[in-house]
Amino acid sequence: MEKLKSKIRSEGRVLGSEVLKVDAFLNHQVDPILMADIGETFAALFADAGVTKVLTLESSGIAPALMTALGLRVPLIFAKKRKSLTLKDDLWTERSFSFTKQEESEVSVSRQFISAGDVVLVIDDFLANGQAAQAMAGIVLKAGAKVAGIGIVIEKSFQPGRQLLLDAGYRVESLARIARLSEDGIDFEE
Ligand code: 5GP
């Protein structure tokens, strides 16, 4: 998605060789026009997949996932990050190691909102090691539902997440794929 790539080039900030900061348009301040374009793009990519729900992880996935759900005319669910669980019986829960926080956490979705028969599109802002996406897909499978695919706004292709998800059999669609991050700039995959 060219518009997203040029936004990353102009407003993204590289932290070391592994982390990209996009607080100017996605992770803190949000560009609604860009989010609408992202949503339309994902909705078009998955138009024939029979999606019944979109699932993301709070909080940075919510903006692109909401616009995707709007495009597909289906509900959006955002998984919650929880440290202690008091309502275990009512939740689908998976463990996930956070790349940015470098700590393990639990992500949960109320059993009320995903059922067998649902076809769920997983959306996230970034793909690094694949832990967040894998945890969300795991929740979908625990609920007896199907994973339509995984839509990623920014994939860091030099990290192993994409391969992990492909090896697990998921369809992965990333709108911007970064081959390399350095102080000299950002290189995208061809
Ligand atoms: P993974 O679970 O694939 O290792 O990492 C994906 C999650 O970590 C995303 O939900 C995102 O919030 C966060 N993340 C991973 N890499 C980056 C990055 O370079 N920049 C930002 N802003 N978030 C990242």
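Pairs exceeding a 30 Å alpha-carbon distance, out of Lys80/Lys146; Lys7/Lys146; Lys7/Lys80: Lys7/Lys146.
With a 1.4 Å probe and all protein chains in place, put Asp124, Asp184, Asp90, Asp23 in order of accessible area, largest first.
Working: Asp124 10, Asp184 145, Asp90 85, Asp23 55 Å².
Largest to smallest exposure gives the sequence Asp184, Asp90, Asp23, Asp124.
Computed with a 1.4 Å probe on the full set of protein chains, the accessible area for Arg162 sits at about 60 Å².
In the chain, the DSSP-assigned H stretches of four residues or longer account for a calculated mean residue ellipticity at 222 nm of -8500 deg cm²/dmol, using -39500 (n - 2.57) per stretch and the full residue count as denominator.
About its Cα centre, how strong a charge dipole does the chain have in debye, to the nearest 20, once Lys and Arg get +1 and Asp and Glu get -1 at the Cβ? Could the numbers behind the result be given before it?
Details: 23 positive and 26 negative charges, 99 e Å.
Here the chain has a charge dipole of around 480 debye.
Remark on Arg171: its backbone amide H falls under 5 Å from those of Ile150, a criterion applied only to residues 5 or more positions apart or on other chains, H modelled at 1.01 Å from N.
Once a ≥ b ≥ c are taken as the square roots of the eigenvalues of the Cα gyration tensor of region 1-58, is the result rounded (a/c under 1.5), prolate (a/b larger than b/c) or oblate (a/b not larger than b/c)?
On the way: a/c = 2.20, a/b = 1.86, b/c = 1.18.
Judged from the Cα gyration tensor, region 1-58 comes out prolate (a/c at least 1.5, a/b above b/c).
Checking understanding here: applying a Kyte-Doolittle mean of at least 0.0 and a length along the axis of at least 18 Å (C-alpha), which whole DSSP H helices in the chain pass?
On the way: long enough: 32-45 (20 Å, 1.21).
Within the chain the helices that satisfy the rule are 32-45.
Peptide packing for 151-157, 113-119 was compared via the average number of neighbouring C-beta atoms within 10 Å per residue; ordered from the highest value, the list is 151-157, 113-119.
The values are calculated or read from the model by the stated rules, or taken from the named source; none is laboratory data. Here the structure is a predicted model, which means the values were calculated and not measured. Heads up, the Cβs are rebuilt from the backbone with ideal geometry, glycines too, and the neighbour counts pull from every protein chain shown. SASA here: full protein model, heavy atoms, side chains in, ligands and nucleic acids out. Shrake-Rupley method; radii C 1.70, N 1.55, O 1.52, S 1.80 Å.
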